[in-house]
Amino acid sequence: MADWGDCFVKHLFDVCKEEIEAGNRPMGIFTTTGWKNVVSKFAEKSGDKRTKKQLKRRIVILRYGIIV
């Protein structure tokens, strides 16, 4: 299981916010470009490579408090 310390969660929030502001999440769903940017920017900011699937799961857990 991946370690999700506070700094990693903050990086995830930051890159998601950037992509939302860039218009890459219309109607509440990230576009393909949006996800590519989230994955690459998260790796760049955190220095840790996570997959799209890992990032999506973390967002769901943070949003709904459930593990999928």
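Summary table
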read-out	value
Pairwise Cα inverse-distance average, inverted: Kirkwood Rh of the chain (Å)	12.1
Contour excess over end-to-end distance, with Cα ends at LYS49 and ASP6 and 0.36 nm allotted per residue	13.9 nm
Sorted peptide list for 7-16, 21-30, 43-52, criterion being average Cβ within 10 angstrom, highest first	7-16, 43-52, 21-30
Electrostatic dipole magnitude of region 6-64 [Cβ: Lys, Arg +1; Asp, Glu -1; Cα centre; debye, to 20]	340
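Only the coordinates and a few stated rules stand behind these numbers; no lab work does. It should be emphasised that the depicted structure is a prediction, and the values quoted were computed from it without experimental measurement. Positions of Cβ are backbone-derived with ideal geometry, glycine not excepted, and every protein chain shown enters the neighbour counts.
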